[in-house]
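Structure first, commentary second.
Since every read-out is calculated from the coordinates, none of them should be taken as a lab result. No experiment lies behind these values; they were computed from the predicted model shown.
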C-alpha cells in the first residue's frame with residue numbers, strides 16, 4: 001500500500017527487459033566491436049546444450065538488449081562469423097551448440 005506522496009513507479013518491478021540506457025552503457029564501456037562480439041556470443045550460447053547456460057545467457061540477453069530484432073541485425077555478421085569458425089573447428093561440443 002502506498003503512503004501519501006509516494007510515487008507508484010518506485011514500487012514497480014523490473015520486467016527483465018533491457019533498456020536503451022543499459023545497452024548504451026555496455027557499448028560505451030566495451031566499444032562497438034567488442035560489444036557486438038559479446039552479444040553474438042551470448043546469442044549463440046542461447047542454444048547451448050546445458051540448460052543452465054541457456055537460462056543464464058537468456059537472462060543476460062534480456063537484461064542488456066532492449067530490442068532483439070534490431071540488435072540481432074546489428075550483430076548478425078559476427079554471429080555468422082562465429083558459426084563458421086565453430087563449424088570449421090574440430091571441437092564436437094562447439095559443433096553441437098552451433099547446430100542447435
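Across all C-alpha atoms in segment 17-99, the radius of gyration and Dmax reach 12.9, 39 Å.
Available extension along the chain between residue 83 and residue 67 is 3.6 nm, counting 0.36 nm per residue and deducting the alpha carbon span.
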